[in-house]
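Below is one structure, written out as structure tokens; the observations come after it.
The values are calculated or read from the model by the stated rules, or taken from the named source; none is laboratory data. The structure presented is a predicted model; accordingly, all values stated were derived computationally and were not measured. Here the Cβ positions follow ideal geometry from the backbone for every residue, glycine too, while neighbour counts run over all protein chains shown.
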Amino acid sequence: MKLFKTLEGNIVLAKNLAYVLPKTNWDNLLNNDHLFNDLKKFLINENRINLSEKRLNKILLPPVKSQEIWASGVTYFRSKTARMEESKDSGGSSFYDKVYEAERPEIFFKSTPDRVKGPFEKVRIRKDSQWSVPEPELTLVISSTKKIIGYTIGNDMSARDIEAENPLYLPQAKSYNGSTALGPCIYILDQPLSSKTSLSLKIFRKGKQIFIGISEVAKIKRSFSELIQFLFKEMDFPKGCFLMTGTGIIPPDDFTLKVNDRIEISIEGIGSLINEVAQ
């Protein structure tokens with residue numbers, strides 16, 4: 001099932017049929033450990049609506065309300081090598097090599113909910129960055145009891161030159177207005193997402209595809225439960241939270257985003273998150 005937050009209420013798509021969820025609170029939905037089974041109760045004829053894909057795309061909202069967005073770093077080998085390469089001149093390359101092998105993962109705060117962009121909204125590159133990229137990430141939707149209740153797509157916009165200058169600048173490279181996009185839905189399953197799930201990133205400039213990258217969930221080094229345990233080790237999330245799980249797709253070092261580029265991140269089963277770039 002796919003759960004959408006929209007201008008016209010909370011909507012579920014199941015077996016190509018659309019249902020509106022009457023009198024439901026988004027925070028309560030995302031903090032429900034039994035969400036899959038509870039949503040099935042709404043799949044009745046009186047809640048059925050006619051909804052085209054074109055119409056749905058016009059009413060989509062970011063799938064977040066009160067939840068913080070956190071992120072994991074250096075969880076894929078491709079991410080480790082990219083970070084080591086970009087930071088070698090500053091002497092910080094060994095940090096990324098060490099954290100890839102360490103017991104403790106890299107976890108950092110990414111965004112408050114009010115700064116999150118949804119499908120078809122504009123993400124941003126920093127005005128003081130000359131080297132910025134999108135990072136496509138499978139994102140976990142986690143309840144207050146540490147349970148994964150669903151999955152979505154995350155775009156972790158990153159100023160690589162700022163992080164490369166000094167690893168301590170990571171918060172500035174990662175967290176700013178328009179640096180986070182989520183959507184288009186919360187993908188809800190009655191079993192864990194398959195490790196064979198594929199991810200892709202496409203970037204278009206003036207209508208022409210200029211980059212494509214493909215990876216799969218199986219390439220992540222750390223388990224989701226491991227990341228969640230460290231995130232919750234000294235923090236509570238009464239409304240649940242989102243956790244980006246890192247990226248295995250990074251454009252080459254000579255690539256940087258430009259204003260009006262179109263970013264398309266797709267994850268098998270979930271759909272596609274599409275955003276244009278602003279500054």
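Tell me, which residue of segment 6-25 that is loosely packed, with under 12 Cβ neighbours inside 10 Å and touching a helix residue (DSSP H, G or I) at 6+ places or on another chain (Cβ under 9 Å) is farthest from I186 (Cα to Cα)?
Step by step, filter segment 6-25, then rank; the result is P22.
Select, from I153, I188, the only residue that is modelled with pLDDT of 95 or more, of a type in the set (V, I, T) and closer than 19 Å to D261 by Cα.
Answer to the check: I153.
Please state which one of K221, K239, K233, K258 is outside any strand (DSSP E or B), among the basic types (K, R), in the same structural domain as T139 (by TED's automatic domain parsing) and free of Cβ contacts under 8 Å to residues at least 24 places away in the same chain.
Every option except K233 fails the conditions.
Please go through segment 256-277 and pick out each residue that is farther than 21 Å from M1 by Cβ and either surrounded by 15 or more Cβ atoms within 10 Å (Cβ to Cβ) or under 16 Å from the mean Cα position of the chain (by Cα) (or both).
If the condition is that a residue be farther than 21 Å from M1 by Cβ and either surrounded by 15 or more Cβ atoms within 10 Å (Cβ to Cβ) or under 16 Å from the mean Cα position of the chain (by Cα) (or both), then T256, L257, D261, R262, I263, E264, I274, N275, E276, V277 are the ones that fit.
Only residues that are on the phi < 0 side of the Ramachandran plot and buried (at least 17 other Cβ atoms within 10 Å of the Cβ): list them for segment 231-245, please.
Result: L231, F237, K239, C241, F242, L243, M244, T245.
Out of (1) crowded, with 20+ Cβ neighbours inside 10 Å; (2) without any contact (Cβ under 8 Å) to a residue 40 or more places away in the chain, what's the single condition that is false for G207?
Evaluating G207 over (1) crowded, with 20+ Cβ neighbours inside 10 Å; (2) without any contact (Cβ under 8 Å) to a residue 40 or more places away in the chain leaves (1) as the failure.
Report those helices (runs of 4 or more DSSP H) wholly inside segment 26-107 carrying at least 1 residues which are surrounded by 14 or more Cβ atoms within 10 Å (Cβ to Cβ) and either outside the structural domain of K147 (by TED's automatic domain parsing) or at pLDDT 80 or above (or both).
26-30, 35-40, 53-59
Does R205 meet the test of being of a type in the set (D, E, K, R) and more than 17 Å from V74 (Cβ to Cβ)?
yes
How many residues does segment 10-25 hold that are at pLDDT 95 or above, closer than 20 Å to S66 by Cα and over 22 Å from the mean Cα position of the chain (by Cα)?
Of the residues in segment 10-25, 1 are at pLDDT 95 or above, closer than 20 Å to S66 by Cα and over 22 Å from the mean Cα position of the chain (by Cα).
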